[in-house]
1. Determine the gain in length on full extension of the stretch Ala104-Gln48; use 0.36 nm per residue of separation and subtract their C-alpha separation, reporting nm with one decimal.
2. With a sphere of radius 10 Å drawn around the Cβ of Gly52, what net charge do the other residues whose Cβ falls strictly inside it have (Lys, Arg +1; Asp, Glu -1)?
3. Val63's amide H: which non-local residues (gap 5+, or another chain) put their own amide H closer than 5 Å, with H modeled 1.01 Å from N in plane and none for Pro or chain starts?
4. What is the packing order of peptides 3-11, 69-77, taking the mean over residues of other C-beta atoms within 10 Å and listing the highest first?
5. For Ile112, which sequence-distant residues (separation of 5 or more, or a different chain) have an amide H within less than 5 Å of its own amide H, given hydrogens modelled in the peptide plane?
6. Pairs of lysine in the range 3-189 with Cα under 21 Å and at least 8 positions apart or on different chains: total?
7. Could you go through the range 55-71 in sequence order and give the Karplus-derived ³J(HN,Hα) for each residue, using 6.51 cos²θ - 1.76 cosθ + 1.60 with θ = phi - 60°, rounded to whole Hz, and x for Gly and Pro?
8. Please give the net charge around Gly161, taking every other residue with its beta carbon less than 13 angstrom from that of Gly161, where Lys and Arg add +1 and Asp and Glu add -1.
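What follows draws every value from the coordinates through simple rules; no lab data is involved. It should be emphasised that the depicted structure is a prediction, and the values quoted were computed from it without experimental measurement. Here the Cβ is made from the backbone with ideal geometry for all residues, glycine too, and neighbour counts use every protein chain on show.
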Amino acid sequence: MSSAVILLADGTEEMEFTITYDTLVRAGVACCSAYVPAAAGEGSEKRQYATGSRGIRIMYDAVFDETQFHPTSYDALVIPGGAKGAETMSKNTAVQSLVRDFLAKDKIVGMICAGSQAALTAKLARQPLTSHPSVKAELENDFDYSEDPVVISNGLVTSRGPGTAFPFALTLVELLCGADKRAEVRAPMVFPPNTPF
């Protein structure tokens, strides 16, 4: 069974987190949400949830610990967007290290929306990438920037925003579980006819 760790912080975009988590679970991927605190000591027993960008509270499975979520234990690392949450995650040196470790071990790293900032802070090599338009200027000089809904560059999968969360999540399903599983998961979601993903 494939497995994924999906990061979460205060200010994470709820749709990008939830749609990705839900879609992966539908494919049989074992998922764990890991809360990345904005400051040391946050995420204790007194509060077991993150507050998303729209104020929705999302319970997390664990507090982020780089050693606990190593690529020897998971097949994919996912970084959602949401301006505040993405900033917290992309500035976290342990997250930056984990991004590099996952890719070095030929695992999958998914970044959506402002979450793509982590590609810059992790100092990834120049490669194709996309993001939310609001952070394009930060990324376009260091990467081969694209405005495609989903961009795959070896193990790095990037996407644009809440509206591309489904094709992003389904792409992760395909990479982790195969094209047949993607089709199996997609069918009962009942997208409108001619939906292009």
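1. 17.0 nm
2. -1
3. Those qualifying (amide H under 5 Å, at least 5 residues apart or on another chain) are Tyr35.
4. So the peptides 3-11, 69-77, ranked by packing, come out 3-11, 69-77.
5. Amide H to amide H, under 5 Å and 5 or more residues apart or across chains, Ile112 pairs with Ile79, Gly81, Ser159.
6. Lysine pairs meeting both conditions in the range 3-189 amount to 8.
7. Coupling constants for the range 55-71: x, 7, 8, 10, 6, 10, 7, 7, 7, 4, 9, 3, 6, 6, 10, 6, x Hz.
8. -3
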